[in-house]
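Peer 1: This is the structure, below, for whatever I ask next.
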Amino acid sequence: MGKVPYHLQKRLGGAALLLLLAIAAYFSLSRRGTLRGFDPATVEDERLVRIASLEKLIALDPSDYRTHAELARLYFALGDWDRAERSALAAIEHGRRKNAPKSFLMEQLLLLAQIEQKKGNAQKALEYATRAAELEPQKAAPLKRRGQVYEQMRKNDKARLEYLRALKLDEKDPETYALLANQEFRKGNRKAALEWLRMGVRRNPKSGEAFRNLARGYLRTGDTEKARQAYERALELEPDNANIRHEYARLLQKLGDQEGYLTQLKKAHASDPHDPKILADLADAELAAGNRQKALELYREAFRRDSRNPQLKEKYQRLYDSLLAESGERREKSIQGPAKTATEQTVSQTAPSDGGSGTATNSSSQNIGGISADDGPKQGHGTHSGAQAKAMPADAGLGQSPSGLPQNITPDIEAGKKSFEAKDYATAEAHFRKALEKDPNSAEARYLLARSLDLQGKKEAAIAEYRRAIEKEPEHARAHYYIGRLLYQAQKYAEAERSFARAAKADSKFAAAHYSQGLALDKMGKTAEALSAYRKATETDPNLREAYFNSAILLKKQQRYDEALAALERSGPGSDTEYQRGEILLKQKKFEAARAAFERVLAEKPQHYEAAFNLALTYHKLGNPAGADKILSRVIRDDSPADLHYTYGKLLEESTELAAAEKQYRTSVSKDPRYYKGWINLGRVAAAQQKYDQAEQAYRQAVLLEPGSYEANLNLGNVLFKQKKYDQAAEYFEAARRLEATREVVLPLAQSYENAGEAEKAAKVYSDFLRQHPKDQTALERLGYLYYRKMRDNGKALEQFNKLLQYYPDSAKAQEYRAMVQLIEKQTKEQ
C-alpha cells in the first residue's frame with residue numbers, strides 16, 4: 001500500500017476534525033433543555049436594544065433632532081424621566097437650529113410637560129404646556145395637557161375651562177370629551193359624565209375611540225350590557241384596533257364568556273402581535289389550559305417588550321423557576337432513582353412550602369387583626385356630590401402576636417410587623433418570608449406577607465399569598481377582604497363581591513366587609529342587595545358614615561326621598577351631604593328648604609357650580625329670577641365660557657323653566673356664535689314655547705355650523721312644517737333622511753310632499769320605508785289614503801288596507817279599515 005501524500009493527509013485530518021466538532025455540537029445541543037434561552041436574566045428589552053442603536057447614531061450625528069426625539073420617547077416609556085427630559089430638550093434645541101416644523105416642537109414640549117408631571121413638578125409642566133399652546137394656538141393638544149396639569153394641581157375649574165377651549169378648536173376629539181367625563185366621574189356625577197361621552201359619539205359617530213370611551217364610561221357605572229354594545233360598535237368602525245378589541249375581550253371574560261374572550265384575544269393578537277399586554281393575557285390563557293411551555297414562550301415575548309413591568313416579570317420568573325425545578329427533578333430521578341436519603345428527607349420536610357396541604361399551626365386570624373388599609377377605592381357614590389368618602393374603611397391594626405404561633409417564628413413576625421408599621425414593606429416582606437421558612441403552614445405569616453406585597457404594588461403575588469393563607473385557614477376574614485379589594489380595583493366586581501361576602505360570613509362584625517360588599521353590588525346594579533349590605537355595615541358600626549351616605553344616594557335614585565333624607569342625617573355634616581339633601585328637597589318641591597341647603601354648600605365651597613345652578617333654580621321656582629341672577633353672578637362672570645350658560649340652561653329646561661332656559665342659551669351663543677349645542681337647545685325651547693320663527697333662526701344657525709347633523713336638519717324641518725313651509729321642510733327632512741332614515745324623519749317628510757301637492761314623491765317615501773318596515777301601521781294607513789284620495793288609485797289603496805286588516809285585525813281602527821275595503825270594492829264594481 002503506497003504512502004498517502006501529505007496534502008491528502010492534511011485534508012483528511014481536517015475533515016475528521018470537522019466531523020468530531022459536528023458530533024460534539026449535536027450531542028451538546030441535544031442535551032440542552034427546552035428552557036435554553038428563557039432565563040429572565042438573559043432576556044433583553046427591545047427598547048434598550050433600540051436605545052443602544054440610537055445612541056450610536058447620535059454619536060455619528062449629534063444634531064439629528066429626530067433621533068433625540070425618538071430617544072426621549074423610549075426613555076419616557078421606560079420611566080427614565082431624567083434621560084427622557086435631556087433627550088427632549090436636545091431635540092428642541094437642535095430642531096430650532098434646523099427649522100423643524102412647529103408640530104414637532106410642540107410634541108416635544110408636551111412630552112416635557114408629561115415628564116415634569118411624572119416628576120411631580122406641576123408648575124414646570126404647566127410652563128411647558130403653555131409654551132406649546134403659544135407655539136400652536138390652533139391645536140387642542142396643548143390645552144388638554146394644561147387641563148391635566150391643572151387637575152394635578154387640584155384646580156379643577158381651570159382644568160374644565162381648558163378642556164372647553166380645546167373643544168372649541170376640535171369638537172370631534174373623543175379624548176377631550178373623555179377628560180370632561182372623568183372630571184364628572186370624580187365628582188360622582190355619573191349622569192353628566194355619560195352625557196359628555198355620548199356627546200363625543202354624536203360629534204364623531206365614525207370614531208371607534210369615541211365609542212370605546214363610551215364603553216369605558218358604562219363600565220364605570222356598572223352597565224356591562226351597554227358597554228358591550230359600545231365596544232361592538234367601536235369594532236365595527238375600527239376592526240383592526242387591537243387595543244379596543246383587547247378591552248372588549250376582557251369585558252367578555254368579566255361577563256363569563258370565556259370562549260368569546262379567547263376568540264377576541266386571538267384577534268387582538270393578530271392585529272398587533274407585539275403588544276405586551278395582549279401577549280401576557282394569551283400567556284395567562286395558555287397557562288390556565290395547562291400549556292406551560294407555550295405560556296412561557298408568550299411571557300418571554302411580552303417580557304422582551306416590557307421588562308420593567310413587575311407583575312409580568314414575576315409571572316415569567318415564577319413559571320420559569322417552576323419548569324426549571326421540574327426539569328431538574330426529572331434529571332435527578334433519572335440518575336438517582338425514586339429513593340431518597342435520610343438527609344434529603346429532612347431537607348424536604350423543612351423546605352419552604354408553596355401553600356400545599358398540611359395542618360396550620362397558628363391561631364385564628366381574629367387574634368392578629370388586619371393591617372391598616374389605605375389603597376382601596378376612595379370615592380363614595382354621590383351622584384353630584386364629589387364626595388371623597390373612603391369606600392373601604394381601614395380595619396384594625398396589626399395587634400399582638402397570637403400565643404398559638406410557634407415560638408421559633410414569633411420574633412420574625414414581630415420584626416416584620418415593626419417594619420410594616422414603619423412603612424418599610426420590603427423589609428417586612430423579608431421577615432415574613434423568613435417566618436415561613438421556619439413554618440410553611442402558618443396562615444398568618446402568609447397573610448402578613450400578602451399585605452406587605454400588596455402595599456408594594458405586587459398585586460398578583462399578593463393575591464396568590466392571600467389565597468394560600470385561605471387554603472390553610474378557609475375562614476380567614478381579612479385575607480378574603482383584601483382579595484376583594486384587589487379585585488374591586490381591577491373592576492372585577494362580581495368576584496370582589498364574593499370575596500367580601502366570604503369575609504363578612506367569616507366575621508359577621510366586620511363592618512368594612514359588609515360596606516365593601518355593598519359597593520361591589522352597587523357597581524353591578526344590584527341596588528336592593530347593595531342597600532341590604534350597607535344596612536348590615538351600619539348595624540355593625542353605627543359610625544360608618546360612608547354607608548349611610550351611599551345608602552342615601554341609592555334611595556334617592558329609587559325616589560324614596562324621606563328614607564334618603566333620614567340616611568343623610570346619619571352620614572354626618574359636610575357640603576357633599578348638604579348638596580344631596582338640597583337635590584332631594586328640590587325633587588320634593590320643598591323649595592325653601594332646598595334653597596337653605598344649597599346656600600350652606602356655597603358657604604363652604606363658593607365655586608360649586610352645581611350647587612349654584614340648583615340654588616338659582618330654586619329662586620326661579622320661588623318666583624324670584626332676580627335672586628337667581630344674583631346667585632349666578634358668583635360663578636358666571638363676563639369672561640365665563642359659553643358652556644356654563646349652556647349647562648345652567650339645560651338645568652332650567654329640565655325643570656320646565658323654559659323662558660329662563662332660553663335666556664341662558666341665548667347668552668351662550670352670544671358668547672360663542674359657533675357654539676352648536678347652544679343653538680340646538682335654543683331652537684328647542686323656542687319651539688316648545690311655540691316661537692317657531694325664533695326656533696327656525698336658531699336651527700338654521702345650527703345647520704350652518706354642522707350641515708351633516710341629523711338632529712339640526714330634523715328639527716329645522718319640523719319647525720318649518722309647523723309654519724306650513726312644506727317645500728322648505730321637505731328639503732331639510734331629506735337631508736336628515738340621507739343621514740339616518742328613521743321613522744321620525746320619514747313620516748313628516750312624506751307628509752310635507754303630500755301637503756305640497758307632490759303625491760308621487762310622498763308615495764315613494766312611504767313605499768321605500770315600508771320595504772324595510774312592512775308592518776308599520778301609520779305608514780300603511782297614510783299610503784292607503786294617499787292612493788285613494790290624492791292619486792285615485794283604488795287598486796293600490798285596496799292593497800294597503802287589506803295589509804292593515806291582515807296585520808292588525810283586532811286594532812281600534814280595524815272597523816275603519818274594513819269600511820274602506822268595502823267602499824273601494826263597491827266603487828270598483830260600479831266603474
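The values are calculated or read from the model by the stated rules, or taken from the named source; none is laboratory data. Since the model is a prediction, treat every value here as computed from it, not as a measurement. Neighbour counts are summed over all protein chains in view; Cβ atoms, including those assigned to glycine, are modelled from backbone coordinates with ideal geometry. Remember, those area values only see protein heavy atoms, side chains included, never the ligands or the DNA or RNA. Shrake-Rupley method; radii C 1.70, N 1.55, O 1.52, S 1.80 Å.
Peer 1: Does at least one position in segment 234-243 carry a residue that is of a type in the set (A, V, I, L, M, F, W, C) and either open to solvent by 70 Å² or more (accessible area, probe 1.4 Å) or in contact with a Cys (Cβ under 7 Å, 6 or more places away or on another chain) (or both)?
Peer 2: no
Peer 1: Among the numbered conditions (1) part of a helix (DSSP H, G or I); (2) hydroxyl-bearing (Ser, Thr, Tyr); (3) modelled with pLDDT under 90, tell me where Ser63 comes up short.
Peer 2: Tallying (1) part of a helix (DSSP H, G or I); (2) hydroxyl-bearing (Ser, Thr, Tyr); (3) modelled with pLDDT under 90, Ser63 fails exactly one: (1).
Peer 1: Same structure, new question: In the set Thr67, Thr130, which member is over 30 Å from Arg300 (Cβ atoms) and among the β-branched types (Val, Ile, Thr)?
Peer 2: Going through Thr67, Thr130 in turn, the sole match is Thr130.
Peer 1: Filter segment 154-186 down to the residues that are hydrophobic (A, V, I, L, M, F, W, C) and under 18 Å from Glu209 (Cα atoms), then identify the one that is modelled with the lowest pLDDT.
Peer 2: Only one residue tops the list, namely Leu167.
Residue by residue, here is whether (1) without any contact (Cβ under 8 Å) to a residue 24 or more places away in the chain; (2) open to solvent by less than 40 Å² (accessible area, probe 1.4 Å); (3) under 30 Å from Phe510 (Cβ atoms) holds:
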residue	(1), (2), (3)
Asp541	no, no, yes
Leu544	no, yes, yes
Asp562	yes, no, no
Ala567	yes, yes, yes
Ser575	no, yes, no
Ala597	yes, yes, no
Ala603	yes, no, no
Asp629	yes, no, no
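Peer 1: Quick check on segment 191-204. Is at least one of its residues polar (S, T, N, Q), surrounded by fewer than 20 Cβ atoms within 10 Å (Cβ to Cβ) and touching a helix residue (DSSP H, G or I) at 6+ places or on another chain (Cβ under 6 Å)?
Peer 2: Yes, there is a match, as at least one residue in segment 191-204 is polar (S, T, N, Q), surrounded by fewer than 20 Cβ atoms within 10 Å (Cβ to Cβ) and touching a helix residue (DSSP H, G or I) at 6+ places or on another chain (Cβ under 6 Å).
Peer 1: Shifting gears a bit: Consider Asp541 carefully, then state whether it is closer than 26 Å to Ser516 by Cβ and within 32 Å of the chain's Cα centre (by Cα).
Peer 2: Here the answer is no, as Asp541 does not meet what is asked.
Peer 1: Quick check: is even one residue across segment 288-295 farther than 22 Å from Glu247 by Cα and either at pLDDT below 85 or outside any helix (DSSP H, G or I) (or both)?
Peer 2: Yes; the residues of segment 288-295 include at least one that is farther than 22 Å from Glu247 by Cα and either at pLDDT below 85 or outside any helix (DSSP H, G or I) (or both).
Peer 1: Within segment 111-127, is there a residue that is assigned to a helix (DSSP H, G or I), over 22 Å from Met153 (Cα atoms) and touching a helix residue (DSSP H, G or I) at 6+ places or on another chain (Cβ under 7 Å)?
Peer 2: No, segment 111-127 contains no residue that is assigned to a helix (DSSP H, G or I), over 22 Å from Met153 (Cα atoms) and touching a helix residue (DSSP H, G or I) at 6+ places or on another chain (Cβ under 7 Å).
Peer 1: Can you tell which of Leu617, Leu586 is within 33 Å of the chain's Cα centre (by Cα), touching a residue at least 40 places away in the same chain (Cβ under 8 Å) and surrounded by 18 or more Cβ atoms within 10 Å (Cβ to Cβ)?
Peer 2: None of the other options fit; the residue is Leu617.
Peer 1: Let me ask something else about it. Scanning segment 165-204 for residues that are touching an Asp or Glu at 6+ places or on another chain (Cβ under 6 Å) and aliphatic (A, V, I, L, M), which turns out farthest from Gly217 (Cα to Cα)?
Peer 2: Ala192
Peer 1: If you take just the helices (runs of 4 or more DSSP H) that sit entirely in segment 137-255, which of them hold at least 3 residues that are of a type in the set (A, V, I, L, M) and farther than 26 Å from Ala520 by Cβ?
Peer 2: 141-152, 156-169, 224-237
Peer 1: Also, I was wondering about something else. Within segment 95-110, which residues are surrounded by 14 or more Cβ atoms within 10 Å (Cβ to Cβ) and assigned to a helix (DSSP H, G or I)?
Peer 2: Across segment 95-110, the qualifying residues are Gly95, Phe104, Leu105, Met106, Glu107, Gln108, Leu109, Leu110.
Peer 1: OK, next. Give segment 779-794 a look and list any residue that's in a helix (DSSP H, G or I) and open to solvent by 50 Å² or more (accessible area, probe 1.4 Å), or say none. Explain how you work it out, then say what you get.
Peer 2: Residues of segment 779-794 in a helix (DSSP H, G or I): 779-790, 794.
Selection gives Arg782, Arg789, Lys790.
Peer 1: Where residues in segment 674-706 are in a loop (DSSP other than H, G, I, E, B) and either in contact with a Pro (Cβ under 9 Å, 6 or more places away or on another chain) or in contact (Cβ under 8 Å) with a residue 24 or more places away in the chain (or both), which of them is least open to solvent (accessible area, probe 1.4 Å)?
Peer 2: Per the stated criteria, the residue is Tyr675.
Peer 1: Same structure, new question: Residues Phe510, Phe500: which one is open to solvent by less than 70 Å² (accessible area, probe 1.4 Å), touching a helix residue (DSSP H, G or I) at 6+ places or on another chain (Cβ under 6 Å) and free of Cβ contacts under 8 Å to residues at least 40 places away in the same chain?
Peer 2: After ruling out the rest, the residue left standing is Phe500.
Peer 1: What number of residues in segment 707-752 are outside any helix (DSSP H, G or I), under 15 Å from Asp768 (Cβ atoms) and charged (D, E, K, R)?
Peer 2: 1
Peer 1: Another one. Which residue, of Leu531, Leu521, is surrounded by fewer than 24 Cβ atoms within 10 Å (Cβ to Cβ) and touching a helix residue (DSSP H, G or I) at 6+ places or on another chain (Cβ under 7 Å)?
Peer 2: On inspection, the qualifying residue turns out to be Leu531.
Peer 1: Do you know which residues across segment 522-568 are in a helix (DSSP H, G or I) and small (Gly, Ala, Ser)? Walk me through how you get there before you give the answer.
Peer 2: Just the residues of segment 522-568 that are in a helix (DSSP H, G or I), to begin with: 522-523, 527-540, 545-557, 561-568.
If the condition is that a residue be in a helix (DSSP H, G or I) and small (Gly, Ala, Ser), then Ala528, Ala530, Ser532, Ala533, Ala537, Ala547, Ser551, Ala552, Ala564, Ala566, Ala567 are the ones that fit.
Peer 1: Restricting the search to segment 135-189, which residues are open to solvent by 40 Å² or more (accessible area, probe 1.4 Å), touching a residue at least 60 places away in the same chain (Cβ under 8 Å) and among the aliphatic types (A, V, I, L, M)?
Peer 2: Listed by number, the list holds a single entry, Leu161.
Peer 1: Here is a check on your reading of the model: is Gln123 over 26 Å from Gly678 (Cα atoms), surrounded by fewer than 22 Cβ atoms within 10 Å (Cβ to Cβ), among the polar types (S, T, N, Q) and free of Cβ contacts under 8 Å to residues at least 40 places away in the same chain?
Peer 2: yes
Peer 1: For segment 483-491, state whether one or more residues are in contact with a His (Cβ under 6 Å, 6 or more places away or on another chain) and buried (at least 18 other Cβ atoms within 10 Å of the Cβ).
Peer 2: No, every residue in segment 483-491 fails to be in contact with a His (Cβ under 6 Å, 6 or more places away or on another chain) and buried (at least 18 other Cβ atoms within 10 Å of the Cβ).
Peer 1: Anything in segment 422-464 that is closer than 21 Å to Ala490 by Cβ, open to solvent by less than 10 Å² (accessible area, probe 1.4 Å) and without any contact (Cβ under 8 Å) to a residue 40 or more places away in the chain? List them, or say none.
Peer 2: Leu449, Ala450, Ser452, Leu453, Ala462
Peer 1: Every residue in segment 573-599 that is over 21 Å from Arg186 (Cβ atoms) and assigned to a loop (DSSP other than H, G, I, E, B), please.
Peer 2: Pro573, Gln588, Lys589, Lys590
Peer 1: Which residue is least open to solvent (accessible area, probe 1.4 Å), if the candidates are limited to segment 261-307 and must be among the hydroxyl-bearing types (Ser, Thr, Tyr) and either touching a Cys at 6+ places or on another chain (Cβ under 6 Å) or under 20 Å from Gln317 (Cβ atoms) (or both)?
Peer 2: Tyr299
Peer 1: Can you tell me which residue among Ile23, Ile92 is among the β-branched types (Val, Ile, Thr), at pLDDT below 60 and open to solvent by less than 100 Å² (accessible area, probe 1.4 Å)?
Peer 2: One residue alone meets the criteria, Ile23.
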